[in-house]
Each structure stands twice: as structure tokens, then as C-alpha cells.
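Notes for the one structure printed next.
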Amino acid sequence: MISMAENSYSRDRLKRYKKFYPFLGLVARPASYDRFLANGMAILDFDSRNDLGNITCPTLVLGGEEDMVLGIQGSYDLRDLIEGSELHTFRGLGHAAFEESPDFSRLVFEFLDKAE
């Protein structure tokens, strides 16, 4: 859990919440890691790049420029493979940009309003 947090959140947020690290293992420990492992293996084998060209609806791609879980390159790849898609990247944020950016919801709602 600590590794996931350190690879998802910005350094600023981690500094503020580091004192809670000892509690992460207590609160977020699953009863079994079997489902986590099965999900991880499925993700590693999943590749939808050949199908992305079939997407015809308005698409907003969002990514954190400091994403250490997936990297930012995937966001650029999605933008390039989904015709007409829009890309917004969050400077200084990582995988949890949806949680950290004060602009995240506004960007999504503006995109949805524009797409109607």
C-alpha cells in the first residue's frame, strides 16, 4: 500500500500524509491477495490498442505528467490512437491526478457539456 501511494501521489501530498503510513497496512490489507494477483495478471495480458480506432464518440484523455504507475506516454498514445480525442495532462501530478487536481472535475464536466 505504501508503494502504491508513493507511486500515485505527488511528493507534496506524500509529505503531508507520511505520518499515516503505519496505518495503511492495517486498514487496507485484503483478506486474500488472490484477487489482486489475478487482476494484475489480467492487466498485464490486456491490450486494446487495435480496437481504439473504433472509438467514434468524443473522448477526453487525462494523465498525470509524473505518473509512476503507468507513465504519461500511454496518455499520448491514447490520444494518437483515438481519432479526434482531446488530451489534458496534469503538471506535477501522478496517477492520482483525479484526486489531487482541483481542476479535474471542472475539466471533465466542461468536456461533457461541450460533447452534448
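Just one of the listed residues (D67, D77) is open to solvent by less than 70 Å² (accessible area, probe 1.4 Å), outside any loop (DSSP other than H, G, I, E, B), of a type in the set (D, E) and within 26 Å of L107 (Cβ to Cβ), namely D77.
Only residues that are polar (S, T, N, Q) and under 18 Å from the mean Cα position of the chain (by Cα) were counted across the stretch 30-71, and they come to 3. Scanning the stretch 93-116 for residues that are in contact with a helix residue (DSSP H, G or I) (Cβ under 8 Å, 6 or more places away or on another chain) and surrounded by fewer than 16 Cβ atoms within 10 Å (Cβ to Cβ) turns up just one, F98. Selection of the stretch 64-116 for residues being among the small types (G, A, S), out of contact with any Lys or Arg (no Cβ under 6 Å at 6 or more places or on another chain) and farther than 14 Å from N7 by Cα yields G74, S75, G84, S101, S105, A115.
Cβ-Cβ distances below 9 Å connect the following pairs, each with a first residue in the stretch 39-62 that is touching a residue at least 40 places away in the same chain (Cβ under 8 Å), a second residue that is open to solvent by 100 Å² or more (accessible area, probe 1.4 Å) and not polar (S, T, N, Q), and a separation of six or more residues or different chains: P58/K114; L62/F98.
The values are calculated or read from the model by the stated rules, or taken from the named source; none is laboratory data. Since the structure is predicted, the reported quantities are computational estimates derived from the model, not experimental observations. Positions of Cβ are generated from backbone atoms using ideal geometry, with glycine treated the same way; all protein chains shown enter the neighbour counts. To get the accessible areas, we keep the full protein, side chains included, count just its heavy atoms, and leave off ligands, DNA and RNA. Shrake-Rupley method; radii C 1.70, N 1.55, O 1.52, S 1.80 Å.
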